[in-house]
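One structure is given here, and the rest of the page talks about it.
Every number here is computed from the coordinates shown, using simple stated rules; none is lab data. Computed from a predicted structure; not experimentally measured. Quick reminder, even Gly has a Cβ in these numbers, built from the backbone with ideal geometry, and neighbours come from all protein chains shown.
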There are 4 protein chains.
Amino acid sequence: MGRPTAAVVGVGAERGLGAALCRRFAAEGYHVLVAGRTPEKIDQVVRTITAKGGGAVPVPTDATQEGDVIRLFDRAMAPGDGLDPADLVVFNAGNNRKVDFRNVSAELFEDFWRVGCFAGFLVGREAARRLVPLGRGTVIFTGASGSLRGKPGFAQFAAAKAGLRMVSQSMAREYGPLGSHAAHVMIDGGIEGDRLLSRQPDLATQRGQDGLLGIDAIADTYWQIHRQQRSAWTQEVDLRPYRESF
Amino acid sequence: MGRPTAAVVGVGAERGLGAALCRRFAAEGYHVLVAGRTPEKIDQVVRTITAKGGGAVPVPTDATQEGDVIRLFDRAMAPGDGLDPADLVVFNAGNNRKVDFRNVSAELFEDFWRVGCFAGFLVGREAARRLVPLGRGTVIFTGASGSLRGKPGFAQFAAAKAGLRMVSQSMAREYGPLGSHAAHVMIDGGIEGDRLLSRQPDLATQRGQDGLLGIDAIADTYWQIHRQQRSAWTQEVDLRPYRESF
Amino acid sequence: MGRPTAAVVGVGAERGLGAALCRRFAAEGYHVLVAGRTPEKIDQVVRTITAKGGGAVPVPTDATQEGDVIRLFDRAMAPGDGLDPADLVVFNAGNNRKVDFRNVSAELFEDFWRVGCFAGFLVGREAARRLVPLGRGTVIFTGASGSLRGKPGFAQFAAAKAGLRMVSQSMAREYGPLGSHAAHVMIDGGIEGDRLLSRQPDLATQRGQDGLLGIDAIADTYWQIHRQQRSAWTQEVDLRPYRESF
Amino acid sequence: MGRPTAAVVGVGAERGLGAALCRRFAAEGYHVLVAGRTPEKIDQVVRTITAKGGGAVPVPTDATQEGDVIRLFDRAMAPGDGLDPADLVVFNAGNNRKVDFRNVSAELFEDFWRVGCFAGFLVGREAARRLVPLGRGTVIFTGASGSLRGKPGFAQFAAAKAGLRMVSQSMAREYGPLGSHAAHVMIDGGIEGDRLLSRQPDLATQRGQDGLLGIDAIADTYWQIHRQQRSAWTQEVDLRPYRESF
């Protein structure tokens, strides 16, 4: 048996959850396919991993494009010399932004769905096509509190995330018994990453230490889900900062 | 004050929920805009209503087309002489079909979303734009058990329906306090209508009397939701046949 | 066939939900067994009903006492000349009060359960024993937002209400197919009744018109649930004032 | 700083979840208070741990008795020389049995509540009283699929478990921000332990390998929850065997 392979879809800035997942999986000995839309960003994530002796390759991927997703899985399942086909896949793409419902354009509503739900479907389906015949593998989807609740200003986000959750559930019910593990992680609260902090630089200070979700802390739970013995698998788990109101 | 107006989006066969809603609202004195994709079908629904002395007009509408939805609301809010602007809107469009997840094409997944969720968003947003400034009105969305759970073979359906539910929730939380009532009816079980019975003609017999959801019985609950006094509004309610396992 | 009979358990002040349910059922032609702990209160509720020509009798009942509940059902199922056995039962007992969790005594936690959950079990079980053999009847349980969520200071309340909800669900799943309808109404918000207004007299004014749940408006939904044709039964429905945040 | 201390409430047979939790915590370096009703059983669990060099003491405890729970916490918070006060508490007591609803006696319904919910409240409250002032600690409650759903024959079980879940939620919302972590693990499926296998000896064979929940696999997730960094805490997680239908 060779070295294991993982694919993380939806990797952006180095200080972001996607990147943290890549680093964690690499630290655990995985060869990681770093898939994201922006070549400079995923290149940077790969450089950091390889600088520490880990294995990673950038795979520029627009997960809303079926062809891109198929190509990603083609590589993930035949990753090269000494590498096993991927047995760990994470779908981590998604937008978020508050928009007054009456001002949500048809294009915006569709765009949220395309990135947050349709892309997840494509990744989930390709994972099912490739992993289920092997009777193994873990597919983890990143959810949010919006996966369960529609709040004012977030219809476009919640509609996408709730749809993604259903993809994850349908997969879990169907493919669990065949040996492939589908899980859904609901992240409730702000993530201490570039996306949030570039918009609200003072937020981390305002919230106090550990008041935002640490990306490495989140990545730890993803890793533990992958490690679970199949007699006790998690389908859904929530994560939030200790101070978060819910 | 004139005669009240309702718009029902997603009307098909006469023996279907959309048509039953139109008939019920007409019987309660409403002028009904009967909106659906197939002119022959909505014409027939209108004929039955007018033959009994009720008021109804067919409005050919593809609810996945923003222009169609806007035109429908233009008419609904200026329905003509002696008629009040619409204060009752139902979104009842949607598909259902079991498809093996690995065989769900990107097109199929998108089509389910477009009909079951995106169209509902368009209707909900137009309703919000038109009704909220008036501080009144009821908007009811047709949900299903798939709104809450993803079962094998139904990812495409559940992803759309769960998204639609979030649209309804976001609207309820935002526009309830402004006087507009958004509700979500989760129909759990087979509906005794053309769509189901044309595919499975023996199903009604197999299930026994009242073993499928009667379309007039469902319509009664929609009507009662509209009638609710604003001090005690329903956001979500389920409906199923007494024999249904759940 | 004679006149129909209903039993409402948990009736207190005239300006309260229990009393409003009694009045509504009486107005619909029901003979009502008005069951509550305080004789003066239920006598008053009966007087108001009979003064308007309705039929009602007081049945002093501590619903936490098995013997009381059994005696109530003995009367409800053999209500007297020209009266049919009861086919409509409401369980409406329950406490609410915010208490700091660390100060909740064992006695208080038990008392909340006894009134809010155990009494509901006794009423549900007796209803099942009596109605299911007849293949008919409606049993409605009063729930709350605490049925679904535990908030700080409300553990004792939510633990009781969530338990009551499970009683209602178990009954619905088992006895629905046998013809008896169990439903659960989740009331989210303050009820415009004596219990709340005697503690916070200014609350109705603060909340504005219809800012609290009107007892007659709530009673209307209970009545509509009872009226539902069995091909489209509701198991669960929420009710809240239009202005309520949720 | 000394050696850390844990308390596990609801320990029975060696081949059971409570015992597995004790062994796991001991293997991680914890001194474990092994609390259960049957002295012989908890003595055996302690012997196995100490034989492997771990630290554990038996604490005969009827968790439905307030005095017992208080005494347990008195010991847990002052565990002796070189030992730190407890910072990890698990509530794992509970019954399960299918009983026809109409045959559930008042005593049986109460007994399920007393063991499955009231005892959990006592443990949770004592944990809150002792851990919250220290601004730390983890309290994990064992739930089940019945925590969320009432199935026929399980009203007594679901009513208790749903109540316990509310205790856990109320604690999480209130004490999370103060540094104490309350979590709820919903175990969905049969546990491969003495309780189940003594009643249905062939079940493990019928279900196939990993078809029942392995007690060590479950214990792993409890441990990971305790290890979570406070910026990404789990409140609720489910666990089920890969083959389990849900």
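Observations, loosely collected:
- Relative compactness, chain A, computed as alpha-carbon Rg over 2.2 N^0.38 Å: 0.96
- Per-residue Cβ neighbour rank within 10 angstrom, fewest leading, B:Trp223, D:Trp233: B:Trp223, D:Trp233
- Gyration tensor (alpha-carbon) shape descriptor, region B:45-87, a/c threshold 1.5: oblate
- Quick note on region C:48-124: its Rg to Rh ratio, both from C-alpha atoms and Rh being the Kirkwood radius, is 1.11.
- Residue order, fewest to most beta carbons within 10 Å, for C:Cys22, A:Cys117: A:Cys117, C:Cys22
- Ellipsoid equivalent to region B:199-246 - semi-axes via the Cα gyration tensor, in Å: 28, 11, 8
- Ellipticity estimate at 222 nm from DSSP helix runs (n ≥ 4, -39,500 (n - 2.57)) divided over the protein assembly as shown, nearest 500: -12500 deg cm²/dmol
- Farthest toward positive dipole pole in chain B [+1 Lys/Arg, -1 Asp/Glu at C-beta], among B:Val115, B:Val11, B:Val46: B:Val115
- As computed over the protein assembly as shown, the Cα convex hull volume per residue (Å³): 177
- Plainly put, the tip 7 Å out from Cα toward Cβ on D:Gly82 is 4.6, 8.7, 9.6 nm from that tip on each other copy, the closest given first.
- Of A:Gly193, A:Trp223, A:Leu178, farthest towards positive along the dipole that unit charges on Lys, Arg, Asp, Glu beta carbons give region A:177-246: A:Leu178
- Given C:Lys41/C:Lys98; D:Lys98/D:Lys161; A:Lys161/D:Lys151; D:Lys41/D:Lys151, the pairs whose alpha carbons are separated by over 22 Å: C:Lys41/C:Lys98; A:Lys161/D:Lys151; D:Lys41/D:Lys151
- Against the empirical curve 2.2 N^0.38 Å, the C-alpha radius of gyration of region C:86-132 lands at a ratio of 1.47.
- Cα convex hull volume per residue for region C:156-246 (Å³): 113
- Computed from point charges on the beta carbon alone (+1 for Lys and Arg, -1 for Asp and Glu), the dipole magnitude for region C:20-78 about its Cα centre is near 280 Debye.
- Rounded to 10°, Cα long-axis angle of helix D:39-51 versus longest principal axis of chain D: 60
- Overall, region D:112-178 carries a charge dipole of about 60 debye about its Cα centre when +1 sits on the Cβ of Lys and Arg and -1 on the Cβ of Asp and Glu, all other atoms neutral.
- Percentage of interatomic Cα-Cα distances in region B:37-166 larger than 18 Å: 60
- Region C:30-71: trypsin sites (Lys or Arg not before Pro) in DSSP loop, at most 16 other beta carbons within 10 Å: C:Lys52
- Against chain B, whose longest principal axis is taken from its Cα atoms, helix B:215-227 shows a tilt of about 40°.
- Mean-square fluctuations from a GNM of chain D, with a 10 angstrom spring cutoff on Cα atoms, peak among D:Leu122, D:Leu33, D:Leu21 at D:Leu122.
- This model, with +1 at the C-beta of Lys and Arg and -1 at the C-beta of Asp and Glu, gives the protein assembly as shown a dipole about its Cα centre of some 0 debye.
- Here B:Ser231, C:Ser168 are placed in order of increasing Cβ neighbour count within 10 Å, fewest first, which gives B:Ser231, C:Ser168.
- Radius ratio Rg over Rh of region A:103-206, counting only Cα atoms, Kirkwood formula for Rh: 1.06
- With R₀ set to 45 Å, the beta-carbon distance separating B:Gln206 from D:Leu108 gives a calculated FRET efficiency near 0.75.
- Percent RCO, i.e. relative contact order, over chain B, from Cα pairs under 8 Å lying at least 6 residues apart: 19
- Square roots of five times the Cα gyration tensor eigenvalues for region C:5-100, Å: 21, 16, 11
- Crossing angle, helix B:155-175 versus chain B [Cα axis fit, 0-90 degrees, rounded to tens]: 30
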